[in-house]
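These notes concern the structure reproduced below.
The values are calculated or read from the model by the stated rules, or taken from the named source; none is laboratory data. Nothing here was measured: the structure is a model prediction, and the numbers come from that model. Glycine also receives a Cβ, built like all others from the backbone with ideal geometry; neighbour counts cover every protein chain displayed.
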Amino acid sequence: MTIATEVCVVGGGPGGRALALALGRLGRRVVLLEQRAGAARIFRGESISPDGVRLLAGLGVLERVREHAHEVRRLEITDGGARVLDIRFETFPYAYRHPVELAQPVLLSALARATAEQGRCTVLEPASAVELLRDGGTVRGVRATTPDGPVEIRADVTVGADGRYSTVRRLCGIERGARRTDLDRDVVWMKLPFPAAWDRCAYRVRISSGRHGLFLPSTDGTLRVGLNIPKGGLRELRSGGLGLLHARLAELAPELEQEAVAALRSWSDTTLLDIFTTEVRRWSAPGVVLIGDAAHTLSPILGQGVNHALADAVALAPLLAEALAEPRSARPAALAAAALTFQQARQGAVRRSRALQLRQERMFGIEAPIAAALRRAVYRTVNASPALQRRVFAPAYFPGQRPAPADRPLRTEQRT
Ligand SMILES: Cc1cc2nc3c(=O)[nH]c(=O)nc-3n(C[C@H](O)[C@H](O)[C@H](O)COP(=O)(O)OP(=O)(O)OC[C@H]3O[C@@H](n4cnc5c(N)ncnc54)[C@H](O)[C@@H]3O)c2cc1C
């Protein structure tokens, strides 16, 4: 079977789904391929930064997910047993200032439903892109496998929204210039019953010497715990048995020890996230553009992946729509120019997020006592200064928002 369309989007994660929706709103025809049937994904984070919330509002899906979203009001960092940072998100002078927790299947289903209502996008799922169709040096679509046999999608432009191990990136040759940076740590994720005494609207980071853990409220009412371990350290952790995992958790959060022993009875109760970032020099090749994790894989610190995938989609859609409106002969050049404009518009924000994540990663990993004391002093200084808090958090949480002028009351964000 062959399908002709204007845009072929490979990947139905947050980036691909948001792009299909945004292009549909602009009247363009899209075919979206997703290799998995349904919105369920193997373990994924749920944290959406305030800017991601703003983008969802702009896409018209915030209302659809509101009742499933859990608003976070505080970020607390405890270092060596002492609280050194306590951020109240309501103090930031932005229209959208609270992160939310939102299960990725809920987000994906809402994006899919909004797109289906427009009737301009054909979704093939399950369908895996396995090969690029080419005309000379230009990509003209993809060949995909489906349970009903192979399908060819012929398109003016193909968008690789297929995640951190992108097939499109590899097939179109952009992979050759990719730089993968392994971070010093991996994360073991697990879920525990939520402690009765804890604030359900807070993110917690606990640091002890060079170890740290993230403790986040989950939308299913449990506590999502991300325990950081040295890169490749899972084997050592496992060789110490579950007792060592329980002890590592108790070191950071002694009040969770009993829950950890009761809830974590097998390694299958945990998930390992291999943390790396990927940078590619060019986010496009003739006939192809990459977005989201395919273009720039980030680390999970401060929940940045989803909002950058959404921001890419929102930035790219109007540029592609304009290029597709050109006469057929002028379209390839217009699409190439659109792809470059897109990268120029987005790469600065991605770089700033990555730099902030790497800085935090280094801070969390400090072990030497004098350097750890300095780290605590830095957090305390930030804690005491709203201006510094804004400077530190703006690149990650509010890159698309302008602060409200001091003399004007804040427009209240849509409650989630
Ligand atoms: C364990 C974990 C926890 C995370 N926690 C957070 C968090 O709390 N907050 C946050 O913002 N980010 C988090 N991230 C990162 C976040 O999930 C990603 O940054 C985000 O999903 C990127 O969106 P995307 O659309 O670019 O790619 P993805 O969400 O990876 O979507 C890519 C899609 O493409 C499909 N696909 C792949 N290959 C093909 C193919 N050949 N053909 C067809 N389809 C294909 C995949 O099935 C997938 O659905 C986490 C990631 C992981 C792994």
Go through (1) farther than 23 Å from ARG74 by Cβ; (2) not in a strand (DSSP E or B) one by one and return the number of the condition GLU259 breaks. (1)
Contacts under 9 angstrom Cβ, first residue in the stretch 260-271 being farther than 13 Å from GLY243 by Cβ and of a type outside the set (D, E, K, R), partner more than 16 Å from the ligand (Cβ to nearest atom) and assigned to a strand (DSSP E or B), 6 or more apart: ALA262/LEU192; ALA262/PRO193; ALA263/LEU192; ALA263/PRO193
Being hydrophobic (A, V, I, L, M, F, W, C), closer than 16 Å to SER166 by Cα and free of Cβ contacts under 8 Å to residues at least 60 places away in the same chain is the filter here, so list the residues in the stretch 128-147 that pass it. VAL130
Quick one: how many residues across the stretch 183-200 are outside any loop (DSSP other than H, G, I, E, B) and away from the ligand (no atom under 15 Å from the Cβ)? 2
Considering each residue of the stretch 64-79, count those that are surrounded by fewer than 20 Cβ atoms within 10 Å (Cβ to Cβ), in contact (Cβ under 8 Å) with a residue 12 or more places away in the chain and part of a helix (DSSP H, G or I), and give that number. 3
Being under 30 Å from GLN104 (Cα atoms) and surrounded by fewer than 20 Cβ atoms within 10 Å (Cβ to Cβ) is the filter; apply it to the stretch 316-328 and report the residue that is farthest from the chain's Cα centre (by Cα). ALA321
The number of residues in the stretch 280-297 that are surrounded by fewer than 24 Cβ atoms within 10 Å (Cβ to Cβ) and within 12 Å of the ligand (Cβ to nearest atom) is 1
Can you tell me which residue among ARG170, ARG176, ARG143 is away from the ligand (no atom under 15 Å from the Cβ), at negative phi, assigned by TED's automatic domain parsing to the domain that holds ARG29 and not in a loop (DSSP other than H, G, I, E, B)? ARG176
Are any residues in the stretch 228-256 of a type in the set (D, E, K, R) and either touching a strand residue (DSSP E or B) at 6+ places or on another chain (Cβ under 7 Å) or outside any helix (DSSP H, G or I) (or both), and if so, which ones? LYS231, ARG248, GLU251
Among the residues of the stretch 185-202, write down those that are out of contact with any Pro (no Cβ under 7 Å at 6 or more places or on another chain) and closer than 20 Å to LEU272 by Cα. ASP186, VAL188, TRP189, MET190, LYS191, LEU192, PRO193
Could you say which residue among ARG164, ARG113 is part of a loop (DSSP other than H, G, I, E, B), over 13 Å from LEU33 (Cα atoms), in the same structural domain as LEU319 (by TED's automatic domain parsing) and in contact (Cβ under 8 Å) with a residue 12 or more places away in the chain? ARG164
Which listed residue is surrounded by 16 or more Cβ atoms within 10 Å (Cβ to Cβ), on the phi < 0 side of the Ramachandran plot and in contact with a helix residue (DSSP H, G or I) (Cβ under 9 Å, 6 or more places away or on another chain), from GLY11, GLY15: GLY15
Search the stretch 300-315 for residues being part of a loop (DSSP other than H, G, I, E, B) and within 9 Å of the ligand (Cβ to nearest atom), and hand back the single one that is surrounded by the most Cβ atoms within 10 Å (Cβ to Cβ). GLN304
Criterion first (away from the ligand (no atom under 15 Å from the Cβ) and either outside the structural domain of ASP156 (by TED's automatic domain parsing) or touching a residue at least 12 places away in the same chain (Cβ under 8 Å) (or both)) does GLU236 satisfy it? yes
From ALA334, ALA339, ALA321, residue being part of a helix (DSSP H, G or I), in contact with an Asp or Glu (Cβ under 8 Å, 6 or more places away or on another chain) and closer than 30 Å to THR167 by Cβ: ALA334
